[in-house]
Amino acid sequence: MITGPLLEMRGIGKRFPGVQALNNAQLKLHAGEVLCLAGENGAGKSTLMKILAGAQQPDEGEIIYLGEPVRFRSPHHAQQLGISMIYQEFNLVPQLSVAENIYLGRAPRRSGLPIIDWRAMNTAAEEALARIGVKIDVRRPVVSLSIAEQQMVEIAKALSFDARIIVMDEPSATLTDHELEHLFELIRTLRRQQLGVIYISHRLEEIFTIGTSVCIMRDGEHEGTYAVHELEREDIIRKMVGRDLKDEFPKELFPQGRERLRVQGLSRAHAFEDVSFALHEGEIVGLTGLVGAGRTEVARAIFAADLPDAGEIRLDGETIRARTPKDAIAAGIGLLTEDRKQQGLVLGMSVRENTTLANLNAVCSGPFLRGKDERAAASKYVDELRIKTPGIEQAAQFLSGGNQQKVVLAKWLFTESKVLIFDEPTRGIDVGAKAEIYKLMNELLRRGAAILMISSELPEILGMCDRILVMHEGRITGELSRAEATQEAIMRLATGSEAAAV
Amino acid sequence: MTRFIAKHSPLFILAALCLALAAYSEVFRSTANLQSVATRTSEIAVLATGVLLVILTGGIDLSVGSVAALGGVLCCMAIKALVAAGVPDVLAVFLGGLAGAGVGLGCGTLNGVLITTGRIPPFIVTLGMMMAARGMALIVSGGNNIFGMPDAFLWLGGGKVWWVPIVVTVVIVAVASVTLSQTRFGRALYAIGGSLQAARLSGISVNGSRVAAYALSGLLAGFAGVMLASRTSLAAPAAAEMYELEAIAACVIGGASLMGGEGGPVAALAGALIMTVLRNFCNLQNIPVYWQQVLVGVLVVALVYYDNYRKRKAGLITD
């Protein structure tokens with residue numbers, strides 16, 4: 001039994017081409033502690049965790065683990081020594097069973113034979129799940145499990161390596177409230193078993209629910225480590241951002257103008273039915289509901305990414321019949337997708353190329369690109385949106401999440417769309433960048449745009465929207481004005497326990 | 001500076017290779033030898049330029065060798081038929097060339113439509129085309145080589161003035177280079193290869209651009225077939241066998257990613273030259289042909305490994 005901290009990372013520095021990702025970063029974790037790692041996007045949290053996981057090597061600094069200096073040579077090495085990572089995107093093979101996934105690559109063999117001992121493996125997997133109080137049939141393929149169940153399998157797998165430290169990166173992003181409560185219960189079990197837990201989340205309230213201490217990072221440096229009870233929510237935000245954030249939701253009210261978008265009786269089989277609503281100049285309408293209620297599907301249908309089976313879409317009074325996103329963009333509709341890495345950006349392309357991608361017309365003479373105009377446009381948005389990048393030629397993949405989202409925003413600002421649909425615009429983005437994105441929404445409204453914002457985060461919906469539409473199982477179950485909306489009212493509509501008249 | 005070198009490493013490798021060989025071998029640096037190297041690279045370079053357009057979209061075109069053979073055969077048959085019908089030689093040659101390139105365009109367009117509208121994987125479609133076009137070349141020619149071409153046909157392949165095929169190749173590579181870096185179509189190809197979803201949701205006409213890429217690849221293949229027939233002054237239905245793989249290798253040595261979104265025609269030309277130069281050197285050193293195959297194969301893999309290593313070090317790509 002060691003007496004000191006389980007893990008100490010001291011003076012960690014790491015440089016990438018063009019950026020100093022970490023500079024004298026520190027971290028100290030004791031057994032039985034839940035250390036929350038907080039910081040804006042690009043503050044260096046992921047890099048520090050990648051170093052801990054052995055996926056990257058530090059340029060300087062030392063790591064003391066169980067009282068001894070160590071270097072984690074590879075993810076495999078770190079795992080063997082007892083460091084387990086649970087990433088947002090799970091590392092499970094969908095077609096394989098729960099037991100196969102837990103013992104992937106190290107399945108127990110029948111003695112002396114290269115044949116898997118299925119019975120032993122299934123029993124061991126059941127025990128691993130029982131240790132965290134979870135009952136799942138270990139023979140089921142992972143693909144048939146819910147996201148929450150998959151996460152439990154990941155955690156069971158992590159523990160089966162005799163982990164001393166478990167790192168959870170944004171574990172709550174895709175969980176329902178009920179599932180989240182279960183996860184917290186599990187983390188408390190881990191604490192009792194004297195494991196160290198590092199917990200990363202952008203939802204600050206979770207720090208207060210589950211954390212024991214909080215390590216705050218800013219610009220790649222260690223800002224400070226505090227016991228959770230020493231701090232208020234505002235303190236954490238201030239320390240992360242480095243300044244006072246006056247208003248988390250800088251909502252501005254604009255006079256409501258003419259109708260820009262009207263959706264009438266829109267339906268698509270197995271996705272949503274009879275969806276009707278209108279968007280006016282200068283307003284943000286929220287579209288919320290539980291995951292799977294059909295919100296993203298409605299957005300994709302309006303944008304002609306998938307074609308609706310029935311219904312009408314009118315823009316500024318005129319019916320539009322878009323067959324492809326290209327038509328929708330030409331008509332004046334923009335969609336900021338939920339998945340910005342796969343659908344929002346071409347990651348290998350530069351900030352410049354991504355910025356102009358949806359409106360190449362504006363920088364083309366005939367078939368030819370006007371390089372100078374293109375560079376000017378990109379530079380303008382980098383300045384205006386304060387995109388943190390070494391330059392407009394930097395590939396989008398090297399930017400942090402918040403800055404990537406700003407590039408997506410720049411792309412749609414450049415199209416000068418009349419109607420913009422934001423699908424989960426701030427998921428995985430820190431408070432500072434969130435507020436900036438809200439301010440940009442205000443700017444869009446000032447220019448006469450109308451915004452439809454899909455979000456699962458109720459504080460954001462309540463804070464920024466003029467009106468709120470709630471969906472449940474493919475139908476709009478109610479509309480609430482800004483004045484009458486409360487979390488409870490939304491949840492009632494979202495769970496279908498009350499169908500209000502639209 | 002390291003970034004610059006890493007980005008253009010195929011050019012530096014080619015330059016270093018040529019300088020080393022020129023210093024080492026007197027025969028290599030002779031004008032006649034360099035001329036022959038450049039001429040012999042021209043067809044592969046033209047094929048590689050077409051294939052590159054497809055590779056940039058994240059696709060593959062295995063049919064270009066066979067399509068080149070079909071283009072060459074049809075071109076020569078058309079010329080002979082036209083000359084026999086009394087059409088002046090020069091006009092017959094021109095029309096024959098058009099026929100050869102045109103059949104390539106047709107094959108490529110068919111590839112593109114089957115891949116986009118038919119939603120069949122590029123590998124399968126172009127593999128099918130590779131077999132079918134070779135079969136068609138054998139059918140229309142009756143399996144025989146076509147000889148006895150009029151004198152005017154020899155121009156394109158350098159039979160009259162040696163630098164014609166080289167200039168033609170350089171022009172094609174230059175046009176492709178400008179198209180890819182300076183036009184909306186070029187940007188669309190890179191975007192599609194980078195992320196098809198993101199390109200579509202940004203309003204790029206994804207299917208149109210992909211069909212165009214395959215069509216152009218076919219067109220250039222047909223044209224390369226005409227060039228090859230002109231240089232050898234005969235059309236063989238068995239010509240250009242395995243050229244598709246040489247063309248793909250040229251792109252990859254030139255730093256193109258088979259995942260799409262990365263690569264350039266000048267670098268692909270450098271890739272093609274690196275292969276020809278190596279073969280040429282082996283010939284000059286009297287290394288047996290079988291060993292040349294082994295050597296070039298090993299070098300292709302080694303060069304790509306080195307290129308990736310350099311890029312990773314310079315932070316141009318991540319894992």
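Of the residues making up segment A:346-379, those that are within 8 Å of chain B (Cβ to nearest Cβ), among the hydrophobic types (A, V, I, L, M, F, W, C) and open to solvent by less than 60 Å² (accessible area, probe 1.4 Å) are A:V346, A:L347, A:M349, A:L357, A:A358, A:L360, A:C364, A:L369.
Here is the figure for segment A:90-119: residues that are open to solvent by 100 Å² or more (accessible area, probe 1.4 Å) and either under 15 Å from A:S160 (Cβ atoms) or part of a loop (DSSP other than H, G, I, E, B) (or both) total 4. State whether one or more residues within segment A:169-177 are at pLDDT 90 or above and touching a helix residue (DSSP H, G or I) at 6+ places or on another chain (Cβ under 9 Å). There is no residue in segment A:169-177 that is at pLDDT 90 or above and touching a helix residue (DSSP H, G or I) at 6+ places or on another chain (Cβ under 9 Å). Restricted to helices (runs of 4 or more DSSP H) entirely inside segment B:229-319, those with at least 2 residues that are more than 18 Å from the chain's Cα centre (by Cα) and aliphatic (A, V, I, L, M) are B:289-313.
If I filter segment A:208-219 for residues that are open to solvent by 10 Å² or more (accessible area, probe 1.4 Å), within 27 Å of A:T47 (Cα to Cα), without any contact (Cβ under 8 Å) to a residue 40 or more places away in the chain and part of a strand (DSSP E or B), do I get at least one hit? Among the residues of segment A:208-219, not one is open to solvent by 10 Å² or more (accessible area, probe 1.4 Å), within 27 Å of A:T47 (Cα to Cα), without any contact (Cβ under 8 Å) to a residue 40 or more places away in the chain and part of a strand (DSSP E or B), which makes the answer no. For segment B:195-215: of the residues being away from every other protein chain (no Cβ under 14 Å) and among the aliphatic types (A, V, I, L, M), which is nearest to A:R323 (Cα to Cα)? Here the answer is B:V211.
How many of the residues making up segment A:327-371 are under 30 Å from the mean Cα position of the chain (by Cα) and over 23 Å from A:G448 (Cβ atoms)? Before you say what the answer is, go through the steps one by one.
Start the filter on segment A:327-371 by keeping residues that are under 30 Å from the mean Cα position of the chain (by Cα), which leaves A:327-360.
Add one more test, that the residue is over 23 Å from A:G448 (Cβ atoms), and what stays is A:337-354, A:357, A:360.
Going through segment A:327-371 one residue at a time, the tally reaches 20.
Residues in segment A:247-277 that are assigned to a loop (DSSP other than H, G, I, E, B) and among the charged types (D, E, K, R) were compared, and the one that is most open to solvent (accessible area, probe 1.4 Å) is A:R258.
Give the residue that is most open to solvent (accessible area, probe 1.4 Å), with candidates limited to residues of segment B:178-194 that are farther than 22 Å from A:A305 by Cα and at the interface with another protein chain (Cβ under 7 Å from one of its Cβ atoms). Of everything passing the filter in segment B:178-194, B:Q182 is most open to solvent (accessible area, probe 1.4 Å).
In segment A:414-437, the qualifying residues are those that are open to solvent by 10 Å² or more (accessible area, probe 1.4 Å) and within 14 Å of chain B (Cβ to nearest Cβ), and the one that is nearest to A:E283 (Cα to Cα) is A:S417.
Here A:K341 meets each of (1) over 19 Å from A:I437 (Cα atoms); (2) at the interface with chain B (Cβ under 9 Å from one of its Cβ atoms) with one exception, condition (1).
Tell me whether segment B:224-234 contains one or more residues that are open to solvent by less than 10 Å² (accessible area, probe 1.4 Å), of a type in the set (V, I, T) and more than 9 Å from every other protein chain (Cβ to nearest Cβ).
Pass one, segment B:224-234, residues open to solvent by less than 10 Å² (accessible area, probe 1.4 Å): B:224-227, B:229-230.
Applying the additional criterion that residues be of a type in the set (V, I, T) yields B:226.
Within this subset, residues satisfying the condition of being more than 9 Å from every other protein chain (Cβ to nearest Cβ) are B:226.
Yes: segment B:224-234 contains one or more residues that are open to solvent by less than 10 Å² (accessible area, probe 1.4 Å), of a type in the set (V, I, T) and more than 9 Å from every other protein chain (Cβ to nearest Cβ).
Among the residues of segment A:41-63, which ones are of a type in the set (A, V, I, L, M) and either without any contact (Cβ under 8 Å) to a residue 60 or more places away in the chain or in contact with a Pro (Cβ under 7 Å, 6 or more places away or on another chain) (or both)? Listed by number, the residues that qualify are A:I51, A:A53, A:A55, A:I63. Every condition in (1) closer than 28 Å to A:A377 by Cα; (2) of a type outside the set (S, T, Y); (3) open to solvent by less than 10 Å² (accessible area, probe 1.4 Å) holds for A:G478 except the one numbered (1).
State all residues of segment A:288-318 that are buried (at least 22 other Cβ atoms within 10 Å of the Cβ) and part of a loop (DSSP other than H, G, I, E, B); if no residue qualifies, say none. Passing the criteria: A:A293, A:G294, A:F303, A:A304, A:P308. Among residues of segment A:4-19 being in a strand (DSSP E or B), surrounded by fewer than 22 Cβ atoms within 10 Å (Cβ to Cβ) and within 14 Å of chain B (Cβ to nearest Cβ), the one that is modelled with the highest pLDDT is A:R15.
Taking B:G218 as the residue in question, decide whether it is at pLDDT 95 or above, within 11 Å of another protein chain (Cβ to nearest Cβ) and closer than 22 Å to B:T49 by Cα. Reasoning before the result, please.
Working: at pLDDT 95 or above: yes; within 11 Å of another protein chain (Cβ to nearest Cβ): no; closer than 22 Å to B:T49 by Cα: yes.
Spelling it out, it is not the case that B:G218 is at pLDDT 95 or above, within 11 Å of another protein chain (Cβ to nearest Cβ) and closer than 22 Å to B:T49 by Cα.
Restricting the search to segment A:137-169, which residues are part of a loop (DSSP other than H, G, I, E, B) and open to solvent by less than 20 Å² (accessible area, probe 1.4 Å)?
Going through segment A:137-169, the residues part of a loop (DSSP other than H, G, I, E, B) turn out to be A:137-140, A:145-146, A:160-164.
Listed by number, the residues that qualify are A:V138, A:L145, A:A163.
Of the listed requirements (1) open to solvent by 80 Å² or more (accessible area, probe 1.4 Å); (2) over 18 Å from the mean Cα position of the chain (by Cα), B:V175 misses just one: (2).
The values are calculated or read from the model by the stated rules, or taken from the named source; none is laboratory data. A quick note: this is a predicted structure, and the numbers were derived from the prediction, not measured. Note that each Cβ is placed from the backbone with ideal geometry, even for glycine, and that neighbours are counted across all protein chains shown. Just so you know, the surface numbers come from the protein's heavy atoms only, side chains and all, with ligands and any DNA or RNA stripped out. Shrake-Rupley method; radii C 1.70, N 1.55, O 1.52, S 1.80 Å.
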